[in-house]
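Worksheet: the structure to be examined is printed underneath.
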Amino acid sequence: MSPITLYTWQTPNGIKASITLEELGLQYKVESIDISTNVQKEDWFLKINPNGRIPALLDGGQRVFESGAIMLYLTDKYDQDRKISYAPGTPEYVEQLSWLMFQMGGIGPMQGQANHFRLYASARSDYGIKRYMDETKRLYSVLESRLKESPYLAGDKYTIADIASYSWLRNVPVSLEIDLSQWPAVHKWVGEIEKREAVKRGADVPKSSATPEQKAERYRNARARIDAMTNSDKH
Ligand SMILES: N[C@@H](CCC(=O)N[C@@H](CS)C(=O)NCC(=O)O)C(=O)O
């Protein structure tokens, strides 16, 4: 019986953890946390992640929360062959850490706000949509500058730094209607990563019964709901 339990939902932060587990070939149990029902705010869950968000992980008695911390924990402990990580203490490890934090502090929060204003807000704010869409695209340009000079974010090897940003970019053509071909190196990198079998498996955790077309339809409906509102910004 595997000691690892992943508490997750099929979101960009959630799949960072499941793709990492799949890449490492680790056995793990999945506990589905449907975030639309706020299970993640219940007392039992807050003992695993006091921040009340997914993903979170238990490895025996050890809790780990924050997707970046989960990725580092798993590779530090289980990636002795350095399949998807660089060894601590090396210059490449520092580069990997830097790009991982770039995703955690930049792409995740900014694109998360773009998703909120463009898809889920209760009032329409053209200012909010523009601010966070522009910032998301600016961050993609930073990825582009790196991927023009290096095949992967931390260097010559695919690592958790790539998994972290890939997990946020993979779906944006469908969700936010962002055409990734504006950034050719990013576009190529996304295309390569999505072919990996471990990525395909990890991106479908917890398993969803919705087809890609049904998922696209949900995003179209979400955008149409915002578009139908009157802009609420004060002028
Ligand atoms: N910085 C956290 C962010 C986690 C996060 O925002 N998770 C979202 C799903 S992608 C969530 O749980 N949302 C539900 C909520 O905010 O209650 C991480 O990287 O793990």
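Per-structure values
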item: Residue in the stretch 110-117 that is under 24 Å from residue 73 (Cα atoms) and not charged (D, E, K, R) present; result: yes
item: Residue identified as exposed (fewer than 12 other Cβ atoms within 10 Å of the Cβ) and either assigned by TED's automatic domain parsing to the domain that holds residue 15 or under 22 Å from residue 104 (Cα atoms) (or both) among 138, 131; result: 138
item: Of residues in the stretch 175-191 being free of Cβ contacts under 8 Å to residues at least 60 places away in the same chain and surrounded by 15 or more Cβ atoms within 10 Å (Cβ to Cβ), the one farthest from residue 143 (Cα to Cα); result: 178
item: Residue pairs meeting the criteria (Cβ under 7 Å; at least 6 apart or on separate chains; first without any contact (Cβ under 8 Å) to a residue 24 or more places away in the chain, in the stretch 33-57; second assigned to a helix (DSSP H, G or I) and of a type in the set (Phe, Trp, Tyr)); result: 39/45; 52/45
item: Matching residues, the stretch 85-120, being more than 19 Å from residue 174 (Cβ to Cβ) and hydrophobic (A, V, I, L, M, F, W, C); result: 87, 94, 97, 99, 100, 101, 102, 104
item: Which listed residue is of a type in the set (Lys, Arg) and within 15 Å of the ligand (Cβ to nearest atom), from 118, 170; result: 170
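The values are calculated or read from the model by the stated rules, or taken from the named source; none is laboratory data. Not measured: the values here are computed from a predicted model. Methodologically, a virtual Cβ is constructed for each residue, glycine included, from the backbone with ideal geometry; neighbour enumeration extends over all protein chains shown.
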